[in-house]
Structure formats: C-alpha cells, structure tokens
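What follows is one structure encoded as structure tokens, with my remarks underneath.
Here, each number is a calculation from the coordinates, and none is a lab measurement. In this text, all values refer to a predicted model and were calculated from it rather than measured experimentally. In this analysis, Cβ positions are derived from the backbone assuming ideal geometry, glycine residues included, and neighbour counts consider all displayed protein chains.
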Amino acid sequence: MHPLALIPCHLGAVTARLGEYPIRTLIPICFLAAVCYRVLRYLTAWRVLGRAYASHGCERPAAYRHKDPVLGLDALFDAIAAARESRFTTSSARLFREIGANTYFTWIQGQQTIHTAEPDNIKCMLATQWRDYSIATRQAVLGEFLGHGIFVLEGDDWARSRARLRPNFAKDQVADLAMLERHVAELLRVLPSDPSDVVDLQTYFLRFTLDSASEFLLGHSTNTLARPSARDQEFGEAFTSSLLNITQKLRRGPLDRFYRKHPREKGWRRICRDYIGTFVDEAMTIREKMETCGLDEAEGGVERRYYFLKEVAKTIDNREHICDEIMNLMVAGRDTTASLMSSAFYVLSRRPDLWRMLRHEIQDLGSKPPNYEQLRGLKFAKYIINETLRLYPPVFQNNRQATRDTILPTGGGPDGTSPVFVPKGSSVVYSAWTMQRRKDLYGPDADEFRPERWATQRHGWDFIPFGGGPRICIGQQYALTEATYVMVRMAQEYVSVGATDDAPWTEYIALTLSVKEGVKCRLTRASS
C-alpha cells in the first residue's frame with residue numbers, strides 16, 4: 001500500500017483525540033505532523049523519480065550537495081544571497097566546478113531542477129525537442145508588463161507572432177544605417193569633449209539604445225540623449241522603472257508571491273502603454289486611410305520612410321496586440337544591445353592594445369561613416385563583439401519547464417554521458433556564462449578576453465548569446481549591427497578610451513547582464 005494511503009484511514013480517530021489537548025500542545029503536534037507529511041511526500045517523490053529514471057534507461061546526473069536534505073531550501077537561499085552580493089554568475093560557475101560535472105540537479109521541495117552547461121542538452125531543449133518545453137516561468141514574471149507579445153507567447157500564438165514580425169528584421173531594414181547614424185551623431189555630440197572629464201558610457205548607451213529602438217519601432221525617437229519632451233521623458237522614466245521592478249521580481253523568484261506589488265507598478269505600465277498606444281493609433285489610421293481610398297503610401301501623401309510599427313499595423317488588426325509586440329521588442333532593443341556595448345567598452349577601456357588594433361583596422365574609412373558592406377568586412381571588430389558575447393553574454397542564463405516527460409541526451413551517470421530523465425513540470429536551467437567559459441571547449445585561456453581566437457574558432461551550440469532553435473532572437477542581426485556600428489564610429493572619433501580605475505568586472509543582473517559600477521572612463525578625441 002502507498003504510504004500516503006494510510007493517512008485517511010486514521011484521520012477520524014486522530015481528529016477525535018485532538019480535542020483532548022490544549023492549544024499550546026496542539027500547535028507543535030500539528031507542526032511536527034506537517035513536517036512528517038512533507039518528508040514522507042518528498043521521499044515518495046524521490047522513489048517515484050528513481051523508478052522513472054530506470055524505466056527510461058536513464059541515470060541521475062551529479063547531485064547538488066544540499067545542507068538541507070529535506071526541503072532543499074539552502075540552494076534557493078544561497079542563490080538569492082549570491083545575487084544580492086553581485087556574484088551570482090561566478091557562484092553558479094563555481095558550483096559546476098565543485099560538483100565536477102557539466103550537468104547536475106537540485107532537489108527543492110520535492111521537485112527536481114536540472115542545471116546544465118552542456119551544448120548537446122541545450123541543443124535538445126532549444127531545437128531538436130523544443131516542443132517538450134515551455135517558458136512558463138517567463139510568462140509568470142513578464143506577462144503582466146509585456147502582455148501577449150512574442151517573448152511570452154507559446155504554441156500557435158507564438159508561431160503567428162513570429163511569422164508576422166520576422167520580415168521586419170530583413171536585411172534591407174538592418175542594412176539601412178542612416179537612422180542609426182543620426183543617433184550615433186547625437187551620442188558623439190553629447191559625450192564630454194574634455195579628456196579630463198569622467199563619463200559613464202553605460203548610462204549613455206542605455207539612453208542611446210532607447211532612442212534608436214523607439215525610432216526603429218515607432219517612427220519617433222524618445223530623444224533622451226538630447227532634450228526630450230515632457231511626454232518622452234515621462235515614458236523613459238516609467239519604462240526604466242518598470243524594468244527595475246521586473247528585475248526585483250526575478251531576483252525574489254518563488255518568494256515574490258509573499259511581497260506586495262510596488263504601488264506605482266500599474267501607473268508605470270499605463271504610462272508606457274498610453275505612450276506607445278498613441279503611435280499605434282496613428283499607424284492604424286494610416287492603414288485604414290490607405291485601405292479606404294485604395295491608395296499606396298506615395299499617392300496618399302504618407303511618409304515613405306520605413307519604421308516597424310507602420311509595417312506591423314498592416315498585418316495585425318488588434319490595437320492591444322500591437323502594443324504588446326512593440327513593448328516586447330522595446331525591452332529587447334534597449335537592454336540587450338546596451339549590455340553588449342557596455343561590456344565591450346569595459347574591456348576596451350582597460351585594453352589600449354585592442355583599441356589601437358581596432359583603430360588600425362578602420363583607418364581606411366577615415367572619418368566617413370561605414371556603409372553596411374564595409375561594416376561587415378571589419379573582421380577584428382566582429383571578433384571583439386563575439387568575444388564580448390562569449391565572456392559577458394547579456395542573457396547569461398535561461399530556463400525551460402518540461403511540458404511532458406522527456407529526456408536530455410547526456411549528463412547522467414558517474415561519467416556524465418548517460419541520458420537524463422526530465423519529468424513533466426520540472427525545470428531545466430542552462431548557463432551560457434558557464435558553458436562559454438569551459439576550458440575543454442575554448443582552450444586553457446577560456447577566461448581571457450582574446451578576440452583573435454575567433455579567427456579560427458568555429459562555434460555551434462557552445463556559443464548561444466542569442467539562444468538558438470525556433471525561438472532564436474529575432475533581432476540578433478539588428479543588435480549586432482548596431483553594437484558594431486557604435487563601436488566603429490567611436491573608434492573613428494576617439495584616439496583613446498581609458499578606464500578611470502582597475503576595478504574588476506562586477507555583475508548587475510536585471511533583464512540582462514550589465515556592469516554594476518558602470519563603465520567610467522575618459523575619452524580623448526582624435527582632434528584633441
């Protein structure tokens with residue numbers, strides 16, 4: 001008989017006897033009974049999982065060494081402490097080394113969570129068996145702010161969303177650098193010209209990417225680098241505050257349910273959606289005008305300049321759905337690229353040798369902005385971007401939840417090569433940070449920033465800065481083009497970018513990974 005089946009048999013007798021005891025005696029008895037029940041339940045779950053492993057021809061991966069073998073909450077509290085102390089990434093990588101495996105599991109409240117830094121397992125989750133997994137945890141945290149946009153949708157809804165959005169990231173749009181140059185010119189204008197001034201480039205990059213993303217998506221820039229209107233500024237502040245609020249939710253993890261919502265959370269969301277909604281209404285009005293009159297844009301007197309919203313409004317009828325999609329892409333368009341550029345300049349400001357090599361590569365351009373083909377031909381610039389993405393991936397870690405019983409191809413058994421059983425409902429966390437620093441994949445100098453490795457390095461699933469499989473980042477080419485363009489234009493403008501200190505890189509984890517203390521440096525213009 002199942003152990004839990006015995007409980008109802010004696011429930012009546014136990015209940016009858018409880019009235020004979022005083023309350024102060026009942027409280028510890030009830031607490032002890034609850035603990036015993038949970039322990040019995042976890043032991044049962046452990047045995048059931050063990051039988052499932054055997055029946056599927058799988059072996060358990062290496063185990064996290066829990067200090068709390070009953071609830072396993074020590075792993076959760078250790079992770080929260082590491083995040084608060086800005087050492088989550090290094091602590092996670094250290095765990096893989098200490099356990100001595102590239103795949104291991106934790107056992108928290110009777111639930112298995114698998115952690116992996118193995119390319120074959122990541123390929124399985126994101127590509128070959130991607131339908132066996134969901135992004136349920138992402139929906140729970142981001143859904144309220146992002147609505148029903150591409151980053152939180154699944155199944156047929158996600159497929160339709162991606163099919164509608166993908167054409168807008170075609171080469172013709174990515175290769176049009178004129179809009180990007182306007183914002184780069186503004187960035188170069190507002191950066192301090194005195195080489196003795198200290199500037200935090202990360203702050204400027206966040207403003208730059210919000211300006212460029214808003215113009216690409218809405219056809220209207222927030223102009224935070226210049227002099228934003230009161231409405232633009234209100235949106236920028238509400239947008240930033242919303243992302244910081246989401247960051248707090250992510251850090252608290254499952255404990256977030258015990259916290260009260262920020263009193264301004266709904267207000268920030270309303271400001272953001274009202275701001276975007278104005279441009280959505282305008283785009284839908286343009287579409288209706290064209291359809292009603294049977295005119296094309298030129299005949300209807302509509303500006304022919306490309307922008308994302310105008311094109312999306314041609315294929316989506318629902319106003320709220322368009323707002324959701326724009327909000328999703330605005331988040332990615334700002335934070336991911338700003339993170340990449342900030343980490344790149346953190347390194348470049350401490351490596352004058354790399355800055356000289358980059359300036360040498362672009363010397364034939366003179367002061368003229370490069371076109372798309374020239375940009376693609378700058379190999380060393382590409383190597384710097386790749387090496388930054390390898391060592392400081394903006395999305396350093398991600399996870400999936402199994403929607404059915406499934407199997408990972410490797411990571412189990414004493415030698416870590418047997419398949420691993422993943423029961424329905426359990427989570428798999430994969431670490432790009434740890435995998436992309438593995439010495440068996442990138443050599444003994446894997447921890448060193450060495451761009452020239454990309455002259456010969458060939459990568460597959462051991463390099464996933466933009467994810468992979470069907471859900472690979474839809475705007476990766478736009479992000480790479482933007483980051484490379486900014487770096488090249490700054491190399492044309494500045495003869496040196498020097499750090500003001502030798503402080504080690506320290507993480508700041510929000511929706512993406514960034515530099516906690518910013519990127520403080522002094523800039524010397526080529527004409528100075």
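For the chain, with the dipole built from +1 on Lys and Arg beta-carbon atoms and -1 on Asp and Glu ones, taken about the Cα centre, which of P465, V497, V420 lies farthest toward the positive end?
V420
With each label point set 7 Å from Cα along the Cα-Cβ vector, what nm distance links Y508 and T128?
Output for this residue pair reads 4.1 nm.
Restricted to Cα positions, what overall size does the range 170-235 have along the principal axes? Three whole-Å values, descending.
Cα spread of the range 170-235 along its principal axes, largest to smallest: 42, 28, 16 Å.
So if R0 is 35 Å, what FRET efficiency would M290 and K266 give, r being the distance between their Cβ atoms, rounded to the nearest 0.05?
It comes to 0.50.
Set Lys and Arg Cβ to +1 and Asp and Glu Cβ to -1, take the dipole of the chain about its Cα centre, and tell me which of Y372, S527, F216 lies farthest positive.
F216
Sort S134, S229, S339, S242 so that the residue with the fewest other Cβ atoms within 10 Å of its own Cβ comes first and the one with the most comes last.
Least to most surrounded, the residues fall as S229, S134, S242, S339.
In terms of modelled amide H atoms, which long-range or inter-chain residues lie less than 5 Å from the amide H of T406?
Under 5 Å from the amide H of T406 lie the amide H atoms of V422, K424, each far enough along the sequence or on another chain.
Put a dot 7 Å past each Cα toward the Cβ at R97 and E320; how far apart are the dots in nm?
Label-label distance for E320 and R97, simple model: 5.0 nm.
Extending each Cα 7 Å along its Cβ direction at D256 and T524, get the distance between those two points in nm, one decimal.
4.6
Rounded to the nearest 0.05, what FRET efficiency do A446 and R231 have when you use their Cβ-Cβ distance and R0 = 60 Å?
The computed FRET efficiency comes out at 0.80.
Say R0 is 30 Å: what FRET efficiency, to the nearest 0.05, do K382 and A81 get from their beta-carbon distance?
For K382 and A81, the calculated efficiency is 0.20.
If you count, for each residue, the other Cβ atoms within 10 Å and average over each peptide, how do 506-514, 449-457 line up from highest to lowest?
506-514, 449-457
Could you order peptides 53-65, 325-337 by the average number of other Cβ atoms within 10 Å of their residues, highest first?
Those peptides, ordered most packed to least, come out 325-337, 53-65.
Set Lys and Arg Cβ to +1 and Asp and Glu Cβ to -1, take the dipole of the chain about its Cα centre, and tell me which of A483, Y307, A62 lies farthest positive.
Farthest towards the positive pole: A62.
Compute the relative contact order of the chain as a whole-number percentage, counting only Cα pairs closer than 8 Å that sit 6 or more residues apart in sequence.
24
Which value in deg cm²/dmol, rounded to the nearest 500, describes the helix-derived mean residue ellipticity at 222 nm for the chain, given -39,500 (n - 2.57) per DSSP H run of n ≥ 4 and division by the residue count?
Mean residue ellipticity, 222 nm, calculated: -16500 deg cm²/dmol.
Contour minus end-to-end for Q477 and T278, with contour as 0.36 nm per residue of separation and end-to-end as the Cα-Cα distance?
The Q477-T278 span can extend by a further 68.8 nm.
Report the rotationally averaged projected area of the chain based on its alpha-carbon convex hull, in square nanometres.
Result: 30.8 nm².
In straight Cα distance, which aspartates and glutamates are under 16 Å from K368, not counting same-chain residues fewer than 8 positions off?
Output for K368: D176, E181, E186, E493.
How do R162, R400 line up, fewest other C-beta atoms within 10 Å first?
So the residues, fewest neighbours to most, are R162, R400.
Please tell me which of these pairs span more than 28 angstrom C-alpha to C-alpha: K123/K439; K261/K314; K123/K171; K67/K249; K171/K249; K379/K439?
K261/K314; K171/K249
I want to make sure I understand the PRE zone here: with the label point 7 angstrom from the Cα of R189 toward its beta carbon, which residues in the range 218-233 have backbone N atoms less than 13 Å away?
Counting backbone N atoms under 13 Å from the label point, the list is 223-228.
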